[in-house]
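The values are calculated or read from the model by the stated rules, or taken from the named source; none is laboratory data. In this text, all values refer to a predicted model and were calculated from it rather than measured experimentally. Here the Cβ positions follow ideal geometry from the backbone for every residue, glycine too, while neighbour counts run over all protein chains shown. Side chains included, ligands, DNA and RNA excluded: accessible areas come from the protein's heavy atoms. Shrake-Rupley method; radii C 1.70, N 1.55, O 1.52, S 1.80 Å.
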Amino acid sequence: MATSELDIRTSVEIAFLEAVARRRLVLVAQATVQSEDAHLDQARRFVAAQAKDPIEVAQAQARDANARSALAQALSTEAIALATLRSAIGWIDPASSPTVANTWPTTSTDEPPALVALVERARRARPEIVQLDKQLAAADASLAAAHAERRPVLSASASTQWSPGTGNWSPEPSWNAGLSLTWSLFDGGRADADARIAEANLASAAAQRDALLVSLTSQLDLARAQIVANRANVAASTEAVVAARAQLRLAEARYAQGLGSQIELADAQTSVTTAEGNLVQAEFQLATAWADLRRATGA
(Lines give C-alpha, C1' and ligand atoms only; values in the text may rest on other atoms or scores of the structure.)
Protein backbone atom coordinates (compact mmCIF):
# COMPACT_ATOMS: atom_id res chain seq x y z
CA MET A 1 0.00 0.00 0.00
CA ALA A 2 2.73 2.47 0.96
CA THR A 3 4.75 1.51 -2.14
CA SER A 4 1.73 2.08 -4.38
CA GLU A 5 1.21 5.48 -2.80
CA LEU A 6 4.82 6.44 -3.55
CA ASP A 7 4.42 5.29 -7.16
CA ILE A 8 1.20 7.27 -7.59
CA ARG A 9 2.72 10.42 -6.11
CA THR A 10 5.73 10.14 -8.40
CA SER A 11 3.55 9.53 -11.47
CA VAL A 12 1.48 12.61 -10.68
CA GLU A 13 4.61 14.68 -10.12
CA ILE A 14 6.19 13.57 -13.41
CA ALA A 15 2.93 14.24 -15.29
CA PHE A 16 2.75 17.70 -13.74
CA LEU A 17 6.36 18.50 -14.67
CA GLU A 18 5.71 17.29 -18.23
CA ALA A 19 2.71 19.63 -18.48
CA VAL A 20 4.80 22.56 -17.21
CA ALA A 21 7.52 21.78 -19.76
CA ARG A 22 4.99 21.64 -22.60
CA ARG A 23 3.48 24.96 -21.50
CA ARG A 24 6.93 26.58 -21.55
CA LEU A 25 7.63 25.14 -25.00
CA VAL A 26 4.34 26.66 -26.20
CA LEU A 27 5.58 30.04 -24.96
CA VAL A 28 8.84 29.52 -26.86
CA ALA A 29 6.88 28.69 -30.03
CA GLN A 30 4.63 31.73 -29.57
CA ALA A 31 7.64 34.01 -29.15
CA THR A 32 9.15 32.54 -32.32
CA VAL A 33 5.93 33.23 -34.26
CA GLN A 34 5.86 36.84 -33.04
CA SER A 35 9.49 37.28 -34.03
CA GLU A 36 8.97 35.76 -37.48
CA ASP A 37 5.89 37.94 -38.00
CA ALA A 38 8.02 40.99 -37.32
CA HIS A 39 10.74 39.73 -39.70
CA LEU A 40 8.16 39.12 -42.44
CA ASP A 41 6.71 42.61 -42.03
CA GLN A 42 10.19 44.08 -42.13
CA ALA A 43 11.06 42.15 -45.30
CA ARG A 44 7.87 43.33 -47.01
CA ARG A 45 8.68 46.95 -46.22
CA PHE A 46 12.21 46.57 -47.57
CA VAL A 47 10.93 44.98 -50.77
CA ALA A 48 8.23 47.66 -51.15
CA ALA A 49 10.97 50.28 -50.89
CA GLN A 50 12.99 48.28 -53.45
CA ALA A 51 15.81 47.97 -50.91
CA LYS A 52 15.76 44.15 -50.90
CA ASP A 53 15.20 41.35 -53.38
CA PRO A 54 11.60 40.02 -53.42
CA ILE A 55 12.89 36.53 -52.62
CA GLU A 56 13.45 37.65 -49.04
CA VAL A 57 9.69 38.01 -48.58
CA ALA A 58 9.20 34.44 -49.75
CA GLN A 59 11.92 33.26 -47.38
CA ALA A 60 10.36 35.14 -44.47
CA GLN A 61 6.92 33.75 -45.33
CA ALA A 62 8.27 30.19 -45.31
CA ARG A 63 9.88 30.66 -41.93
CA ASP A 64 6.73 32.29 -40.54
CA ALA A 65 4.63 29.36 -41.75
CA ASN A 66 7.06 26.87 -40.23
CA ALA A 67 6.93 28.75 -36.93
CA ARG A 68 3.12 28.60 -36.89
CA SER A 69 3.24 24.89 -37.67
CA ALA A 70 5.65 24.37 -34.77
CA LEU A 71 3.30 26.33 -32.52
CA ALA A 72 0.36 24.13 -33.52
CA GLN A 73 2.44 21.05 -32.77
CA ALA A 74 3.46 22.48 -29.39
CA LEU A 75 -0.17 23.18 -28.51
CA SER A 76 -1.13 19.63 -29.48
CA THR A 77 1.64 18.15 -27.35
CA GLU A 78 0.58 20.35 -24.43
CA ALA A 79 -2.98 19.06 -24.75
CA ILE A 80 -1.66 15.48 -24.58
CA ALA A 81 0.38 16.31 -21.46
CA LEU A 82 -2.67 17.85 -19.78
CA ALA A 83 -4.73 14.77 -20.64
CA THR A 84 -2.03 12.60 -19.06
CA LEU A 85 -2.09 14.82 -15.98
CA ARG A 86 -5.89 14.55 -15.83
CA SER A 87 -5.58 10.76 -15.80
CA ALA A 88 -2.78 10.78 -13.21
CA ILE A 89 -4.70 12.91 -10.70
CA GLY A 90 -8.06 11.25 -11.40
CA TRP A 91 -9.76 14.37 -12.76
CA ILE A 92 -13.36 13.29 -13.39
CA ASP A 93 -15.19 16.51 -14.32
CA PRO A 94 -15.46 16.55 -18.16
CA ALA A 95 -16.64 20.17 -18.18
CA SER A 96 -13.25 21.54 -17.19
CA SER A 97 -9.62 20.68 -17.66
CA PRO A 98 -6.57 21.04 -15.41
CA THR A 99 -4.17 23.85 -16.17
CA VAL A 100 -0.63 24.52 -15.02
CA ALA A 101 1.44 27.64 -14.54
CA ASN A 102 4.40 28.31 -16.81
CA THR A 103 6.86 28.33 -13.92
CA TRP A 104 8.77 25.40 -12.48
CA PRO A 105 8.15 24.37 -8.88
CA THR A 106 10.88 25.51 -6.54
CA THR A 107 13.73 23.01 -6.33
CA SER A 108 16.67 22.85 -3.99
CA THR A 109 19.65 24.94 -4.98
CA ASP A 110 21.97 22.91 -2.78
CA GLU A 111 24.00 19.92 -3.81
CA PRO A 112 22.17 16.60 -3.24
CA PRO A 113 23.16 14.78 -0.04
CA ALA A 114 26.00 12.26 -0.09
CA LEU A 115 25.18 8.72 -1.19
CA VAL A 116 25.72 7.28 2.29
CA ALA A 117 23.21 9.70 3.81
CA LEU A 118 20.70 8.97 1.05
CA VAL A 119 20.96 5.22 1.59
CA GLU A 120 20.46 5.60 5.34
CA ARG A 121 17.43 7.80 4.77
CA ALA A 122 15.96 5.35 2.29
CA ARG A 123 16.48 2.40 4.64
CA ARG A 124 14.34 4.16 7.23
CA ALA A 125 11.64 5.37 4.85
CA ARG A 126 11.25 2.86 2.03
CA PRO A 127 8.31 0.59 2.91
CA GLU A 128 9.76 -2.36 0.99
CA ILE A 129 12.91 -2.35 3.11
CA VAL A 130 10.96 -1.90 6.35
CA GLN A 131 8.79 -4.87 5.38
CA LEU A 132 11.80 -7.04 4.52
CA ASP A 133 13.53 -6.10 7.78
CA LYS A 134 10.42 -7.28 9.66
CA GLN A 135 10.35 -10.47 7.63
CA LEU A 136 14.01 -11.00 8.46
CA ALA A 137 13.32 -10.55 12.19
CA ALA A 138 10.37 -12.95 11.97
CA ALA A 139 12.47 -15.55 10.16
CA ASP A 140 15.19 -15.24 12.79
CA ALA A 141 12.61 -15.73 15.54
CA SER A 142 11.22 -18.77 13.71
CA LEU A 143 14.70 -20.25 13.54
CA ALA A 144 15.20 -19.75 17.28
CA ALA A 145 11.83 -21.40 17.93
CA ALA A 146 12.72 -24.34 15.67
CA HIS A 147 15.95 -24.94 17.58
CA ALA A 148 14.00 -24.92 20.86
CA GLU A 149 11.49 -27.59 19.82
CA ARG A 150 13.59 -30.47 21.31
CA ARG A 151 14.04 -28.80 24.67
CA PRO A 152 12.01 -29.99 27.68
CA VAL A 153 8.88 -28.03 28.46
CA LEU A 154 7.94 -27.31 32.06
CA SER A 155 4.35 -26.19 32.61
CA ALA A 156 2.44 -25.29 35.75
CA SER A 157 -1.27 -25.05 36.45
CA ALA A 158 -3.35 -23.97 39.43
CA SER A 159 -7.04 -23.45 40.13
CA THR A 160 -9.33 -22.62 43.03
CA GLN A 161 -13.04 -22.59 43.56
CA TRP A 162 -15.56 -21.94 46.33
CA SER A 163 -18.26 -24.52 46.99
CA PRO A 164 -20.52 -25.51 49.97
CA GLY A 165 -18.98 -27.95 52.43
CA THR A 166 -20.51 -31.30 53.48
CA GLY A 167 -23.31 -30.70 55.91
CA ASN A 168 -22.56 -26.99 55.85
CA TRP A 169 -23.95 -24.67 53.23
CA SER A 170 -21.36 -21.98 53.80
CA PRO A 171 -18.82 -21.80 50.90
CA GLU A 172 -15.42 -23.29 51.49
CA PRO A 173 -12.36 -22.87 49.21
CA SER A 174 -10.73 -25.75 47.39
CA TRP A 175 -7.32 -25.58 45.75
CA ASN A 176 -5.68 -27.50 42.95
CA ALA A 177 -2.11 -27.06 41.64
CA GLY A 178 0.24 -29.12 39.55
CA LEU A 179 3.51 -29.21 37.59
CA SER A 180 4.24 -31.18 34.43
CA LEU A 181 7.51 -31.75 32.56
CA THR A 182 7.42 -33.05 28.98
CA TRP A 183 10.39 -33.91 26.80
CA SER A 184 10.07 -35.25 23.30
CA LEU A 185 12.92 -37.73 22.95
CA PHE A 186 12.09 -38.67 19.38
CA ASP A 187 10.02 -36.68 16.86
CA GLY A 188 10.95 -38.40 13.63
CA GLY A 189 13.23 -35.53 12.54
CA ARG A 190 10.52 -32.89 12.58
CA ALA A 191 12.56 -30.45 14.69
CA ASP A 192 15.53 -30.71 12.35
CA ALA A 193 13.29 -30.20 9.34
CA ASP A 194 11.66 -27.16 10.94
CA ALA A 195 15.11 -25.73 11.68
CA ARG A 196 16.22 -26.20 8.06
CA ILE A 197 13.04 -24.57 6.78
CA ALA A 198 13.54 -21.63 9.15
CA GLU A 199 17.17 -21.27 8.04
CA ALA A 200 16.07 -21.27 4.39
CA ASN A 201 13.42 -18.63 5.09
CA LEU A 202 16.00 -16.53 6.93
CA ALA A 203 18.48 -16.79 4.06
CA SER A 204 15.74 -15.95 1.53
CA ALA A 205 14.64 -12.86 3.46
CA ALA A 206 18.25 -11.69 3.83
CA ALA A 207 18.88 -12.22 0.10
CA GLN A 208 15.76 -10.26 -0.87
CA ARG A 209 16.70 -7.40 1.43
CA ASP A 210 20.30 -7.30 0.18
CA ALA A 211 19.17 -7.40 -3.45
CA LEU A 212 16.81 -4.49 -2.81
CA LEU A 213 19.58 -2.55 -1.08
CA VAL A 214 21.89 -3.07 -4.06
CA SER A 215 19.17 -1.88 -6.45
CA LEU A 216 18.28 1.01 -4.15
CA THR A 217 21.89 2.17 -3.88
CA SER A 218 22.17 2.11 -7.66
CA GLN A 219 18.95 4.13 -8.04
CA LEU A 220 20.11 6.72 -5.54
CA ASP A 221 23.54 6.99 -7.11
CA LEU A 222 22.01 7.43 -10.58
CA ALA A 223 19.47 10.03 -9.41
CA ARG A 224 22.15 11.96 -7.57
CA ALA A 225 24.46 11.92 -10.62
CA GLN A 226 21.61 13.09 -12.84
CA ILE A 227 20.92 16.02 -10.55
CA VAL A 228 24.56 17.11 -10.62
CA ALA A 229 24.80 16.73 -14.41
CA ASN A 230 21.46 18.42 -15.13
CA ARG A 231 22.30 21.37 -12.90
CA ALA A 232 25.40 21.95 -14.99
CA ASN A 233 23.30 21.49 -18.14
CA VAL A 234 20.79 24.10 -16.98
CA ALA A 235 23.58 26.60 -16.31
CA ALA A 236 25.15 25.99 -19.73
CA SER A 237 21.77 26.16 -21.49
CA THR A 238 20.96 29.43 -19.76
CA GLU A 239 24.22 30.93 -21.04
CA ALA A 240 23.43 29.62 -24.52
CA VAL A 241 20.03 31.35 -24.46
CA VAL A 242 21.62 34.65 -23.45
CA ALA A 243 24.20 34.38 -26.22
CA ALA A 244 21.62 33.38 -28.85
CA ARG A 245 19.33 36.28 -27.96
CA ALA A 246 22.25 38.69 -28.21
CA GLN A 247 23.13 37.26 -31.61
CA LEU A 248 19.51 37.69 -32.76
CA ARG A 249 19.44 41.31 -31.62
CA LEU A 250 22.62 42.00 -33.59
CA ALA A 251 21.24 40.25 -36.67
CA GLU A 252 17.98 42.22 -36.45
CA ALA A 253 19.91 45.47 -36.09
CA ARG A 254 22.06 44.64 -39.13
CA TYR A 255 19.00 43.73 -41.17
CA ALA A 256 17.18 46.92 -40.13
CA GLN A 257 20.14 48.91 -41.46
CA GLY A 258 20.12 46.99 -44.71
CA LEU A 259 23.42 45.24 -43.97
CA GLY A 260 22.22 41.75 -43.08
CA SER A 261 20.26 39.10 -44.96
CA GLN A 262 17.30 36.85 -44.31
CA ILE A 263 19.68 33.90 -44.07
CA GLU A 264 21.61 35.53 -41.24
CA LEU A 265 18.34 36.46 -39.55
CA ALA A 266 16.99 32.93 -39.95
CA ASP A 267 20.11 31.38 -38.47
CA ALA A 268 19.96 33.71 -35.46
CA GLN A 269 16.24 33.02 -34.88
CA THR A 270 16.79 29.28 -35.15
CA SER A 271 19.59 29.51 -32.59
CA VAL A 272 17.30 31.30 -30.14
CA THR A 273 14.44 28.84 -30.57
CA THR A 274 16.78 25.86 -30.24
CA ALA A 275 18.56 27.28 -27.19
CA GLU A 276 15.30 28.07 -25.41
CA GLY A 277 13.95 24.61 -26.18
CA ASN A 278 17.15 23.03 -24.86
CA LEU A 279 16.84 25.08 -21.68
CA VAL A 280 13.29 23.87 -21.08
CA GLN A 281 14.43 20.29 -21.64
CA ALA A 282 17.36 20.70 -19.22
CA GLU A 283 15.09 22.22 -16.56
CA PHE A 284 12.59 19.38 -17.01
CA GLN A 285 15.33 16.77 -16.64
CA LEU A 286 16.59 18.46 -13.48
CA ALA A 287 13.10 18.57 -11.96
CA THR A 288 12.43 14.92 -12.81
CA ALA A 289 15.82 13.92 -11.38
CA TRP A 290 14.80 15.45 -8.04
CA ALA A 291 11.47 13.59 -8.29
CA ASP A 292 13.32 10.32 -8.91
CA LEU A 293 15.55 10.98 -5.91
CA ARG A 294 12.55 11.61 -3.68
CA ARG A 295 10.93 8.38 -4.87
CA ALA A 296 14.12 6.41 -4.29
CA THR A 297 14.46 7.72 -0.74
CA GLY A 298 10.78 7.14 0.02
CA ALA A 299 10.17 10.82 0.72
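Here W104 and A65 are evaluated by their C-beta separation; at R0 = 30 Å the FRET efficiency comes out at 0.45. Rounded if a/c is under 1.5, else prolate if a/b beats b/c, else oblate: with a ≥ b ≥ c from the C-alpha gyration tensor eigenvalues square-rooted, which is region 217-297? Because a/c hits 1.5 or more and a/b exceeds b/c, region 217-297 counts as prolate. Rolling a 1.4 angstrom probe over the protein heavy atoms with all chains in place gives region 197-287 an accessible area of 51 Å² per residue. Ordering of 244-252, 97-105, 202-210 by packing is 244-252, 202-210, 97-105, highest average first (other Cβ atoms within 10 Å, averaged per residue). For D53, project a label point 7 Å along Cα to C-beta. Then give me every residue of region 241-273 with its amide nitrogen under 11 Å of that point. Under 11 Å, as judged by backbone N against the label point of D53, lie 262-263 of region 241-273.
Heavy-atom accessible surface of region 39-124, averaged per residue, reaches 63 Å², computed with a 1.4 Å probe.
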